[in-house]
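Undergrad: To start, I am sharing the structure in question, which I have written as structure tokens.
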Amino acid sequence: MQRLRPHRPLILAACDFSCWVTSFLLLAWLQVAMHDLAPGRFGAAFVVGVACGVLHLVVGLSMRLHQGRAQLGTFDDALLVVTVAGIVAAVEVVANILYRQLLNGSLVVTGPILAFALMIWARGLFRVVHEQGGGHRSRRTLIPVVVAGAGEGGRQLVMSMLREPHSGWRPVALVDDDPLKRHRRIRGVPVLGTTSELACIADRLGARTAIIAIPSASSETIREMSTYAHEAGLDLKVVPGTRDLLNPTQVAVSDVRDVNVTDLLGRHVIDTDVSSIAGYLTGKRVLVTGAGGSIGSELCRQIATFGPAELIMLDRDESALHAVQLSLYGKAMLDTDDVVLGDIRDAQFVIDLFQRRRPHVVFHAAALKHLPLLERAPGEAVKTNIWGTLTILEAAAATDVERFVNISTDKAANPCSVLGYSKRLAEGLTAAVAMQADGTYMSVRFGNVLGSRGSVLTAFTAQIAAGGPVTVTDPRVTRYFMTIEESVQLVIQAAAIGRDGEALVLDMGEPVSIDSVARQLIDLSGKRIDIEYTGLRTGEKMHEELLGTGEANERPTHDLISQTPVPAFDPLEARSIDAWSPREKLIENLHSQCESMHHDILTRREQATLTPTPTFQGAR
């Protein structure tokens, strides 16, 4: 095939010429056989066919039809062919009229149509043979691959593999769970079954690699496919999610990569109303506390895309501020007003900052979040997560902030840890200020974030890299997971729809077994590593909850965001907490305050339904 490449224009021209002659001769023979044409006119048909073929070459030369103006077998190529053939056909019709109908009318019309059909068929055949033949490489050297997904992503990937034999892959089959695609063929590659039959199909065809070609595939789908592939000993690869594709409208071989933890846990389809977001961020002064943290830095990156008048990034960690400024602007001189070094526990500093910068929107992401450490130092949780939040809230209310978003956690639902207690009380403080302030004050609650500092997955990755063992608290433990990008996207969306005093709870899909995650990460590493079970630590739950007992799961605005009212927690009560009291006494005090808030929820529910409700489950 490569040896013929320099001669392709000549071969293509000869093929087109032959199509014109063949079409007229074939149709003339049929008409003679059916007595619709006198035998003497057979020669005239040959002459007309030759004349049309020559004219086609002349017109084609002027349009570079055979010199590679369009890729062979594409829509552009077909459009070029029909243009040239149309010109030739028009000349042929006029000539036939002028020369007293050398041919009958039906042959004059059907001849060019058949010629065009033959030229298009020949080009399509050439392309199929070229692609399925693997170009200049022998098909035997290409690795057979089963592609999961016979939709648009699968079609584009199969075509890309056939066009690019240097990728080293050859698609031999597709699998898809859609019964309407059961008999589909893509460039000759058939759909042979469902995803559950992947192992059997791969074994029958000698394929040792499978590729998930579904950019919109959820993490649940990928985990299921990963299980099938692992059981069959297949090397599983994946096409990234739509947001991560190099070209979101086109899937190519270059996009294919190994499965990673984000694919297994963090793929969620999110529909964002960009116009509503832009309405409250564009042209506004936006303050992000804890801007150097995992959530805070991603908030800054996404908020920046909506064109705020000012983006004010506050953190007490100078290195973290340097990193977030560098990620935003490609440089980090730390000499501009967008970065502010300070501590939310310093009330005078916070008041001065708000009075000087007058933010319109505040995202409060600053917090202490490591559960075991806060169990040992509950006073620090009070100072930062409760008093620090109250300081920010009071400064926001005093300077007429339009919208305040408190970043919370699923551990605030039926809390049983210091982290959960402090974040639950911070939600209550936000609700209390919402009753007095002019703006809209709300909390947004979500679960574990992939890639955040201190994440269990970070620990797993480090343990695997060190050769193990991987430590899991309990084989039954489950957690919710979402990527940082997805979480922040929903946080920003939630802030657009939230109402005063609400907690907006992000739908994070189904909870995932931590033990299963650890095993899948080990499988991805290709190493033989043991798992050790250490038992639940103080304050840890077997299964996290996004909504507490008695909290309403209402989604009036967005399918992935629940909105539930939060009982107010009196700021005077918050200030009266003794952060320096003995550890056990302080924890009991925090639990008692949360229990009181929970009692308010149950009371409201009883008044609304007049039915008994469960008791508070957060007691330690």
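Undergrad: Checking V50 against (1) open to solvent by 60 Å² or more (accessible area, probe 1.4 Å); (2) of a type outside the set (G, A, S); (3) at pLDDT 85 or above; (4) over 23 Å from G124 (Cα atoms), which single condition isn't satisfied?
TA: The one condition V50 does not meet is (1).
Undergrad: Filter the range 289-315 down to residues that are in a loop (DSSP other than H, G, I, E, B), in contact with a strand residue (DSSP E or B) (Cβ under 7 Å, 6 or more places away or on another chain) and open to solvent by 40 Å² or more (accessible area, probe 1.4 Å), then give me how many there are.
TA: Total meeting the criteria: 1.
Undergrad: Could we say that A332 is assigned to a helix (DSSP H, G or I), out of contact with any Asp or Glu (no Cβ under 8 Å at 6 or more places or on another chain) and free of Cβ contacts under 8 Å to residues at least 40 places away in the same chain here?
TA: no
To keep it simple, each residue is scored yes or no on (1) hydroxyl-bearing (S, T, Y); (2) within 21 Å of A426 (Cα to Cα); (3) surrounded by fewer than 20 Cβ atoms within 10 Å (Cβ to Cβ).
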residue: G467; (1), (2), (3): no, no, yes
residue: P475; (1), (2), (3): no, no, yes
residue: I492; (1), (2), (3): no, yes, no
residue: E502; (1), (2), (3): no, yes, no
residue: S513; (1), (2), (3): yes, no, yes
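Undergrad: Taking L192 as the residue in question, decide whether it is modelled with pLDDT of 90 or more and either open to solvent by 10 Å² or more (accessible area, probe 1.4 Å) or not aliphatic (A, V, I, L, M) (or both).
TA: yes
Undergrad: Specify which of the listed residues (L37, L30, L61, L12) is among the aliphatic types (A, V, I, L, M), surrounded by 15 or more Cβ atoms within 10 Å (Cβ to Cβ) and at pLDDT 75 or above.
TA: L12
Undergrad: Any residue in the range 212-227 that is under 30 Å from M482 (Cα atoms), under 24 Å from the mean Cα position of the chain (by Cα) and of a type in the set (D, E)?
TA: The answer is yes; a qualifying residue exists.
Undergrad: Could we say that M435 is within 23 Å of L547 (Cα to Cα), surrounded by fewer than 17 Cβ atoms within 10 Å (Cβ to Cβ) and touching a residue at least 24 places away in the same chain (Cβ under 8 Å) here? Write out each step before concluding.
TA: Numbers: within 23 Å of L547 (Cα to Cα): yes; surrounded by fewer than 17 Cβ atoms within 10 Å (Cβ to Cβ): yes; touching a residue at least 24 places away in the same chain (Cβ under 8 Å): yes.
Answer is yes for this residue.
Undergrad: Quick one: which strands (runs of 3 or more DSSP E) lie wholly within the range 417-508 and hold at least 1 residues that are out of contact with any strand residue (DSSP E or B) (no Cβ under 6 Å at 6 or more places or on another chain)?
TA: Filter on the range 417-508 gives 448-450, 481-483.
Undergrad: If you don't mind, another one. May I ask you to list pairs of residues, at least six apart or on different chains, whose Cβ atoms are under 7 Å apart, with the first in the range 233-245 being modelled with pLDDT under 70 and the second being among the acidic types (D, E) and not in a strand (DSSP E or B)?
TA: Matching pairs, first to second residue: L245/D255.
Undergrad: Enumerate the pairs (first residue in the range 486-497 and of a type outside the set (G, A, S); second residue anywhere and crowded, with 23+ Cβ neighbours inside 10 Å) with beta-carbon separation below 6 Å, excluding pairs fewer than 6 apart on the same chain, so at least 6 apart or on different chains.
TA: Going by the 6 Å Cβ cut-off, the qualifying pairs are V488/E298; V488/L299; L490/L506; V491/V444.
Undergrad: Scanning the range 523-537 for residues that are hydrophobic (A, V, I, L, M, F, W, C) and in contact with an Asp or Glu (Cβ under 9 Å, 6 or more places away or on another chain), which turns out least open to solvent (accessible area, probe 1.4 Å)?
TA: Going through the qualifying residues, I end up with I531.
Undergrad: Hey, another quick one. If I ask for residues that are surrounded by fewer than 22 Cβ atoms within 10 Å (Cβ to Cβ) and assigned to a loop (DSSP other than H, G, I, E, B), which ones from the range 139-177 would you list?
TA: The answer is L142, G151, E164, G168, D177.
Undergrad: Of everything in the range 344-368, what is out of contact with any Ser or Thr (no Cβ under 7 Å at 6 or more places or on another chain), part of a loop (DSSP other than H, G, I, E, B) and buried (at least 17 other Cβ atoms within 10 Å of the Cβ)? Give them in sequence order.
TA: Passing the criteria: P359, H360.
The values are calculated or read from the model by the stated rules, or taken from the named source; none is laboratory data. Nothing here was measured: the structure is a model prediction, and the numbers come from that model. Note that each Cβ is placed from the backbone with ideal geometry, even for glycine, and that neighbours are counted across all protein chains shown. Quick note on the areas: whole protein, heavy atoms, side chains included, nothing else; ligands and nucleic acids left out. Shrake-Rupley method; radii C 1.70, N 1.55, O 1.52, S 1.80 Å.
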